[in-house]
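Right, one structure below, let's go through it.
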Amino acid sequence: MPRTTASLLRRPPRLSAALLTGALLLGGLATAPAAAGAPAAVAATTAVRVNQVGYVPDGPKRATVVTTAAQALTWQLRNASGTVVASGSTVPRGADAPSGQSVQVADFSSYRTTGTGYVLAVDGSSSTPFDIRADLYDALRSDAMAFFHHQRSGIAIDASLVGSAYARPAGHLGIAPNKGDVSVPCQAAVCDYTQDVRGGWYDAGDHGKYVVNGGISTWLVVNSFERAERAGKEAALGDSTLRIPERGNGVPDVLDEARWELDFLMRMQVPEGKPYAGMAFHKIHDAAWTGMPLRPDQDAQPRELHRPSTAATLNLAAAAAQCARVYRPYDSAYADRCLSAARRAWTAAQANPALHAPSSDSTGGGAYEDARVTDEFYWAAAELYAATGESAYRDAVTSSSWHTSADAFSAYGFGWADTAALGRLVLATVPTGLPASDVTRIRSSVTSAADGYLSRMAAQGYAVPVPADGYFWGSNGEVANDAVVMAVAGELTGDARYRAGALETMDYLLGRNALGLSYVTGHGESSSQNQHHRFWAHQVDASLPHPPAGSLAGGPNSALQDPIAAEKLTGCAPAACYIDHIDSYSTNEVAVNWNAPLAWLAAYAAERTSAGGEPPTATCAVTYTVTNAWNTGFTANVTVKNTGPTAVDGWQLTWTYQDGQRVTSAWNTTVTQNGTAVSTRNADWNRTIAPGATASFGVQGTYSGTNTTPTVFALNGSACV
Ligand code: 9MR
Ligand code: 9MR
């Protein structure tokens, strides 16, 4: 059940009958109005809506055409020189409730020739030009991830990394006029000391820093690295792949970036010896709302810590426990620090299970209120269990109502207040000691959630995974989060439909939508550019920059919760309730929790084989049997079966050990181990596995205490089942 503020915002707005009729009265194919009262800039879009960046050669390629025609129309795909290279018929879809438009769908998926400057033409209207190429998402992968560096507090953003337009002095390091964040007092009666809470990422267009939203965002950024690692493709997120100060330090840049926020999250923990020790302060922000524009270093407002909350504490526990697992191969001392912060947070949350942040606390910063935290308990328990294997955390997982609830993946996706799905994603992909039947059940909950998103996409003219009443504040983040679930379902099953679904949500974000607008700055011919931000505020001060490329707008929000949206968008169909105006914070702000799944998805979509296409979706099944175990040693036999239709020629099988096991020797394979991650490769004589055939090999290793059998394997980057 969606709840708290969300339940208010998620009430379906009444569709304007007049608007629907109006659209239907337009003769033939027309340039559709964006929404009643929408500004001219947005209305001037073509009726043929495509992913304005383009399509990957092996992916789905669909477009939506706004038209009142009842009969199928002819579509033509033209290359850059105007030659028709493919053609076909559209499929009429009639009235599409979320967009309030009458639409048809053109499908040119079977056309796979790479090129730039393609145009899709239907009945006299042409799409914006787009590309078909395998490296389509390379730029977005780095741009969407670079967003976090731009949002850093407590460090100068250097022109040598971002260019002079985006350079700025460090914000909130206690240098006048800043009054934080190195020694920040609490709000009255909350605490009688000050805390150094420098660093971290600014949440959004404001200068607040919120543990609840910081936790889920960090988790997603680190999770994007974990996913790439499971696919054997983490090099693309490795050291020196981003323009950040830490490049060249031997640590993957994505982990360096996330560490900037993790350090902040740990600084928000109440010190030992103080009331509520181990809890996390809910947030730190200005005492009063500041105006627009305002560079972070020029903010003169007093900064205040707000009282600790259970939700914030559990976000810290989950993100820090994940840190302990993922950072260990690079910095074991840091992993230990994270683990101890996570354990302390968990214990403190158990002692204070109902310290809820109130919705009324929204002066100078957002409330991020949450009165139901059983889902945060589940997510944190799952991460702590994955990190430690300890029975107390396992019991917290298995006794949680979320472990079996059918609602862990709600129709509205996961989000900062709904985190049970994150617990499921951890348990579905990270080896733990859960019984195989439990893991199977959890994995099928991921795939059935993904099935739900796919069927919703299939039912809608614009193939959006959210329901018609799901266009609330941050709907674009919700869309991207749903795509993350589909991508993981694809990884777990090798079923190509899920990858197609994840890629198709990218089409929505990049222009195949009710407004024919890319919501990502600088990606697409016609993109958002005036997102609500106090520094990237070009619209109100021409000396300031637009948001940098790769910044995702919050997206359509049918609740019209800011004055300009209320003024300009009245009567809008839900998916058209968006305006690219800097004052529209309820439709056009940026935020770390929206860019995080965008970055996740861009990295996923950018991944491909060296041959240029999508990653292979090898289907495989693995049995790992411990054949002998003695006090500190063991042997295991591993058999990998090719359950796919084509031969596997050359294989790499990967898994992770959760109990510190080390492989010391192996037969019929070559092993490399990096921390907990094990990678085995074929020998010359067993490199080919025919369909239905198997390859077997063995390992010998050491362990101490427990020797949990790994259950998650990937063959050539695709998960086995
Ligand atoms: O800039 C603020 C934005 O980050 C928040 O999401 C939003 C809602 O809490 O509030 C914005 O600040 C506005 C405030 O609520 C009312 N006065 C004008 C502020 C700037 O537009
Ligand atoms: O993303 C948040 C959304 O779910 C809430 O409905 C909204 C109002 O409380 O706040 C959003 O978060 C904003 C936060 O309160 C302040 N910083 C900017 C965030 C994005 O607009």
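The values are calculated or read from the model by the stated rules, or taken from the named source; none is laboratory data. All values reported here derive from a predicted model rather than from experimental measurement. Virtual Cβ from ideal backbone geometry, glycine too; neighbours counted across all protein chains shown. Just so you know, the surface numbers come from the protein's heavy atoms only, side chains and all, with ligands and any DNA or RNA stripped out. Shrake-Rupley method; radii C 1.70, N 1.55, O 1.52, S 1.80 Å.
When you take every Cα atom in region 113-199, what is the radius of gyration, and what is Dmax, the widest Cα pair distance, in Å?
When restricted to the Cα atoms of region 113-199, Rg and Dmax are 22.8, 70 Å.
Stretch residue 190-residue 441 to full length: gain in nm at 0.36 nm per residue minus the Cα-Cα span?
Net length gain for the segment: 86.0 nm.
In debye, nearest 20: dipole of region 361-412 around its Cα centre with unit charges on the Cβ of K, R (+) and D, E (-)?
160
Quick one: work out the % antiparallel among DSSP beta bridges in the chain, nearest 5.
Counting only bridges with both partners in the chain, antiparallel ones make up about 95 percent.
Considering just Cα atoms, how many Å³ per residue does the convex hull of region 65-158 enclose?
Dividing the Cα hull volume of region 65-158 by its residue count gives 148 Å³.
What value does region 620-719 have for Rg/Rh, both radii from Cα atoms and Rh as Kirkwood defines it?
Result for region 620-719 is an Rg/Rh of 0.96.
Counting only residues 5 or more places away or on other chains, whose amide H sits under 5 Å from the amide H of residue 199 once H atoms are built in the peptide plane?
154
Mind checking the dipole of region 151-432: about its Cα centre, +1 per Lys or Arg Cβ, -1 per Asp or Glu Cβ, Debye to the nearest 20?
180
So how much slack lies between residue 274 and residue 670, counting 0.36 nm per residue of separation and subtracting their Cα-Cα distance, in nm?
Length gained between residue 274 and residue 670: 137.3 nm.
Place a point 7 Å from Cα of residue 243 in the direction of its Cβ. Which residues in region 528-547 have their backbone N less than 15 Å from it?
545-547
Where does the chain land at 222 nm, in deg cm²/dmol rounded to the nearest 500, when only DSSP H runs of n ≥ 4 count, each adding -39500 (n - 2.57), divided by all residues?
-9500 deg cm²/dmol, from helical runs alone.
Each label point is 7 Å from the Cα along the Cα-to-Cβ direction; what then is the distance between the points at residue 83 and residue 114, in nm?
Roughly 1.9 nm, to one decimal.
Name the residue from 142, 683, 249 whose Cα lies farthest towards the positive end of the charge dipole of the chain, charges +1 on Cβ of Lys and Arg and -1 on Cβ of Asp and Glu.
683
Treating the beta-carbon of each Lys and Arg as +1 and of each Asp and Glu as -1, no other charges, what is the dipole magnitude of the chain about its Cα centre, to the nearest 20 debye?
Around 840 debye, computed over the chain.
Please state, to two decimals, what the Cα-based radius of gyration of region 554-656 comes to when divided by 2.2 N^0.38 Å (N = residues).
After normalising by residue count via 2.2 N^0.38 Å, the value is 1.97.
I'd like the accessible area for residue 533, computed on protein heavy atoms only with a 1.4 Å probe and all protein chains in place. Round to 10 Å², please.
The value for residue 533 is about 20 Å².
Report the label-to-label distance for residue 183 and residue 631 in nanometres (one decimal), using points 7 Å from each Cα along the Cα→Cβ vector.
Between residue 183 and residue 631, the simple spin-label model gives 5.6 nm.
Placing +1 on the Cβ of each Lys and Arg and -1 on the Cβ of each Asp and Glu in the chain, which of 527, 426, 448 has its Cα farthest towards the positive end of the resulting dipole?
448
How much accessible surface does residue 704 have with a 1.4 Å probe, in Å² rounded to 10?
90
What spacing in nm lies between the two simple spin-label points modelled at residue 354 and residue 331, each 7 Å away from Cα in the Cβ direction?
It works out to 4.0 nm between the two label points.
Using modelled amide H (1.01 Å from N, peptide plane; none on Pro or chain starts), what sits under 5 Å from the amide H of residue 309, excluding residues fewer than 5 places away?
Answer set, sorted by chain and number: 280, 282.
Give me the accessible area per residue for region 151-432, probe 1.4 Å, as a whole number in Å².
That works out to 32 Å² per residue.
Beyond 23 Å, what percent of the Cα pairs of region 473-598 remain?
Above the 23 Å cut-off, region 473-598 has 31 percent of its Cα pairs.
Could you work out the per residue convex hull volume over the alpha carbons of region 445-522, in cubic angstrom?
Considering the Cα atoms of region 445-522, their hull volume per residue is 88 Å³.
Mind grabbing the base-10 log of I(q)/I(0) for the chain at q = 0.05, 0.07, 0.09 Å⁻¹? Debye formula, identical points on the C-alpha positions, no solvent, two decimal places.
Those come out to -0.23, -0.47, -0.78, one per q.
With contacts defined as alpha carbon pairs under 8 Å and 6 or more residues apart, what's the relative contact order of the chain in percent?
Computed value for the chain: 15 percent relative contact order.
For region 151-432, max minus min Cα coordinate along each principal axis, in Å, sorted largest first?
50, 46, 39
With all protein chains present and a 1.4 Å probe, how do 552, 161 order by accessible area, largest first?
The ordering from most to least exposed comes out as 161, 552.
Show the residues, 5+ positions off or on another chain, whose built amide H is closer than 5 Å to the amide H of residue 688.
So residue 688 has HN proximity to 650.
Would you list 266, 486, 292 from the most to the least accessible area, probe 1.4 Å?
Sorted descending by solvent-accessible area, the residues read 292, 266, 486.
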